[in-house]
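The structure appears right after this line, and notes come after that.
Each reported figure results from applying straightforward, stated rules to the coordinates on display, with no laboratory input. Just so you know, these numbers come straight off a predicted model, no measurement behind them. Heads up, the Cβs are rebuilt from the backbone with ideal geometry, glycines too, and the neighbour counts pull from every protein chain shown.
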Amino acid sequence: MSDEIIRSEIRVTHRRTNVLTRWPCFICAGWTEKEGVLARFEDVEFPHGEHVVCGECLKAGADAVPARLEGEARRLDYRAAVLRAYAQARWVMPTYEEWETAVVKADEWLDRTIGEATGA
Ligand SMILES: [Zn+2]
C-alpha cells in the first residue's frame with residue numbers, strides 16, 4: 001500500500017474523449033455509459049495513468065466513495081478466496097482444438113438450419 005495514496009487528495013476532473021465506449025469504474029467496478037466526457041483522476045502511483053469514475057459513483061457523491069471502495073475491496077477479497085479454492089481443484093476440460101472443432105460444427109449446424117428455414 002502506498003503511503004503516497006493515503007496522503008493524497010484525489011481530485012476527479014472531466015476529460016473529453018472521442019472514444020465512445022464503456023469504461024470500468026475504479027471505485028465500484030461498474031461501468032460508465034458511452035459518453036463523450038469521462039470523470040477521471042490521475043493514478044497516484046503510475047505516471048500518465050488514470051482511473052475512470054462512473055456516473056453512479058458521481059451520483060452517490062464524494063462522501064460515499066470510502067464506503068463504495070470498501071465494498072469493492074470486500075468483494076475482491078471474497079473473489080480472491082474463491083479463486084484460491086478453485087485453484088486447489090483438479091481441472092478437466094476440453095483442449096482448445098476440441099473446443100474449436102465444436103465451434104465449427106455449431107456454425108455449420110446453424111448455417112444448415114438457416115439455409116433450410118430460408119430455402120437458401
Ligand atoms: Zn462507480
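Working note: Karplus 6.51/-1.76/1.60 with θ = phi - 60° gives the range 28-41 the couplings 10, 6, x, 10, 6, 8, 7, 10, x, 10, 9, 8, 8, 9 Hz, where Gly and Pro are set to x. Any idea what angle helix 96-118 forms with the longest principal axis of the chain, computed on alpha-carbon atoms, 0 to 90 degrees, nearest 10? Taking the Cα atoms of the chain, the angle to 96-118 is about 70 degrees. Dividing the summed helix terms, -39500 (n - 2.57) for each DSSP H run of n ≥ 4, by the number of residues in the chain produces a 222 nm estimate of -15500 deg cm²/dmol to the nearest 500.
Ala80 label point, 7 Å along Cα→Cβ, cut-off 17 Å on backbone N: hits in the range 1-20? Answer for the range 1-20: 1-3. Considering only beta bridges that DSSP places wholly inside the chain, some 90 percent are antiparallel. Karplus-based coupling profile of the range 52-64, in residue order and whole Hz: 9, 10, 7, x, 5, 5, 5, 4, 5, x, 4, 5, 8, with θ = phi - 60° in 6.51 cos²θ - 1.76 cosθ + 1.60 and x standing for Gly or Pro. Counted over the range 3-73, the DSSP beta bridges are approximately 90% antiparallel.
Taking amide H as placed 1.01 Å from N in the peptide plane, Trp23 has its amide H under 5 Å from the amide H of Thr32, each at least 5 places away in sequence or on another chain. Projected label points at Glu35 and Ala67, each 7 Å from Cα along the beta carbon direction, are separated by 2.2 nanometres. Each residue of the range 9-120 gets 226 Å³ once the volume of the Cα convex hull is shared out per residue. A simple spin-label model places pseudo-atoms 7 Å from Cα toward Cβ; at Glu56 and Ser2 they are separated by 2.6 nm. Taking the chain, the Cys residues with no second Cys beta-carbon under 4.7 angstrom are Cys28, Cys57. Under 5 Å from the amide H of Glu50 lie the amide H atoms of Asp43, each residue being 5 or more positions distant or on a separate chain, with H modelled from the backbone and absent for Pro and chain starts. Evaluating 6.51 cos²θ - 1.76 cosθ + 1.60 at θ = phi - 60° for every residue in the range 67-79, the Karplus couplings come out as 5, 5, 5, 4, x, 5, 5, 4, 4, 5, 4, 4, 4 Hz, glycine and proline recorded as x.
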